[in-house]
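Undergrad: One structure is given below, represented as structure tokens, and several questions about it will come after.
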Amino acid sequence: MSGALNISVLWLAISGCARSNGVLNAGYFCFQTMHQAYDALFLKKRHFLAMWILVCGALRCICIFAPFISFQVYGYFNMCLGRSPDEMRPWCKAKVPLLYNFIQSHYWGVGFLRYFQFKQLPNFLLASPMLTLALCSIIHYVKSQPELVYSLGFRASNEGKEYAPVFFSSGAAPKSNSAPVAEKPLSKIHGTQNLRLRKQMQKGGNPALVPVDCGSTMKSGYLSPAVLPFIFHLGFMAATAFFVMHVQVSTRFLSASPPLYWFASYLIMSPVMDKRWGYLIWTYCAAYILIGSLLFSNFYPFT
């Protein structure tokens, strides 16, 4: 979000060394590349810039996938090459030999709808709070910004894109005969507005008369276009956890997704939302930390 793309590629690639689902972080760069290339090609008419954006985006995604691919290649060279066909495991003979997928499916029973069994109902109940929070956060965003979501962000307003320039803008100014005008950072704009509001209140004036952008909170908050790629990321992870994975790992699997915490804060801070939902989330988090630590350390199925 800060624009330090190369540093973020490095850290996201390292995350892929620890867990295979780290490759999903490449989706952020796919989203960014798609919008920046569109901005450069169709809005700014910069064909070479659009091509450069596509090349850079592809290279960043390859870097994030590199640790996962390297591990698969390592497994293939150690377990498949130099062996007779009878000694090879089934995954060695696949068109795309993926060791990880074979282990997940063969030994752990991971697969689409394979966990939908009556005996697994307690595990679905165990995962239901986190899955419910994820589903509610996604539904609320979609209901609040349907045009933005269904257009994949291409119909975001210009004002909304100002809060997410890293995702939506290619950063190259269009050609113009007029002199460039320096734009103030958003933080300075908001700080100036807050300062004006405080001065007006100190003078005894009516705060409602101060021309503060009332929509800035929504534009820069949970419902802003900047959150859209995180919503897509959370939606994919939640669907995978529910339909494919061992569902009881949903809590720690989804806990790496920022929209969960943004939505919980949104419920607690929003003046129009029922405060009871915020207190319920607080209670669940506290209970999960205290009770979950006891159950997990004593080898009970709590994760």
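Undergrad: Of the conditions (1) more than 23 Å from residue 238 (Cβ to Cβ); (2) without any contact (Cβ under 8 Å) to a residue 40 or more places away in the chain, residue 116 fails just one. Which one is it?
TA: For residue 116, the failing item is (1).
Undergrad: Among (1) assigned to a helix (DSSP H, G or I); (2) open to solvent by less than 90 Å² (accessible area, probe 1.4 Å), there is one condition residue 3 misses while meeting the rest; what is its number?
TA: For residue 3, the exception is condition (1).
Undergrad: Among the residues of the stretch 15-37, which ones are farther than 14 Å from residue 228 by Cβ, open to solvent by 30 Å² or more (accessible area, probe 1.4 Å) and among the aliphatic types (A, V, I, L, M)?
TA: Selection gives 18, 24.
Undergrad: In addition: Filter the stretch 269-285 down to the residues that are open to solvent by less than 50 Å² (accessible area, probe 1.4 Å), in a helix (DSSP H, G or I) and either without any contact (Cβ under 8 Å) to a residue 60 or more places away in the chain or of a type in the set (D, E, K, R) (or both) and list them by number. Walk me through it before giving the result.
TA: Quick first cut of the stretch 269-285, residues open to solvent by less than 50 Å² (accessible area, probe 1.4 Å) only: 270, 278, 281.
Retained after the next criterion (residues that are in a helix (DSSP H, G or I)): 278, 281.
Listed by number, the list holds a single entry, 278.
Undergrad: Of all residues being among the β-branched types (Val, Ile, Thr) and in contact with a helix residue (DSSP H, G or I) (Cβ under 8 Å, 6 or more places away or on another chain) in the stretch 243-258, which is surrounded by the fewest Cβ atoms within 10 Å (Cβ to Cβ)? Just the residue, please.
TA: Step one: of the stretch 243-258, the residues among the β-branched types (Val, Ile, Thr) are 244, 247, 249, 251.
From the residues that got through so far, the ones that are in contact with a helix residue (DSSP H, G or I) (Cβ under 8 Å, 6 or more places away or on another chain) too are 247, 249, 251.
Details: 247: 22, 249: 15, 251: 19.
Across the stretch 243-258, the extreme among qualifying residues is 249.
Undergrad: Further question: Could you check the stretch 38-153 for helices (runs of 4 or more DSSP H) lying wholly inside it with 3 or more residues that are under 30 Å from residue 221 (Cβ atoms) and open to solvent by 50 Å² or more (accessible area, probe 1.4 Å)? Break it down into steps so the answer makes sense when it comes.
TA: Values: elements: 47-79, 99-108, 121-144, 146-150.
Here the list reads 121-144, 146-150.
Undergrad: Could you check, for the stretch 170-192, whether at least one of its residues is farther than 27 Å from residue 3 by Cα, in a loop (DSSP other than H, G, I, E, B) and at pLDDT 50 or above?
TA: no
Undergrad: Out of curiosity, is residue 247 within 18 Å of the chain's Cα centre (by Cα) and modelled with pLDDT of 80 or more? Working first, answer last.
TA: Details: within 18 Å of the chain's Cα centre (by Cα): no; modelled with pLDDT of 80 or more: yes.
Spelling it out, it is not the case that residue 247 is within 18 Å of the chain's Cα centre (by Cα) and modelled with pLDDT of 80 or more.
Undergrad: Which condition number in (1) within 30 Å of residue 114 (Cβ to Cβ); (2) part of a helix (DSSP H, G or I) is the one that residue 256 fails?
TA: Only one criterion is unmet by residue 256, namely (2).
Undergrad: Okay, moving on. Can you tell me how many residues within the stretch 286-303 are in contact (Cβ under 8 Å) with a residue 12 or more places away in the chain and either open to solvent by 90 Å² or more (accessible area, probe 1.4 Å) or of a type in the set (Asp, Glu) (or both)?
TA: Summing the residues that are in contact (Cβ under 8 Å) with a residue 12 or more places away in the chain and either open to solvent by 90 Å² or more (accessible area, probe 1.4 Å) or of a type in the set (Asp, Glu) (or both) in the stretch 286-303 gives 1.
The values are calculated or read from the model by the stated rules, or taken from the named source; none is laboratory data. The structure presented is a predicted model; accordingly, all values stated were derived computationally and were not measured. Here the Cβ is made from the backbone with ideal geometry for all residues, glycine too, and neighbour counts use every protein chain on show. Surface areas here come from the heavy atoms of the whole protein model, side chains and all, with no ligands, DNA or RNA. Shrake-Rupley method; radii C 1.70, N 1.55, O 1.52, S 1.80 Å.
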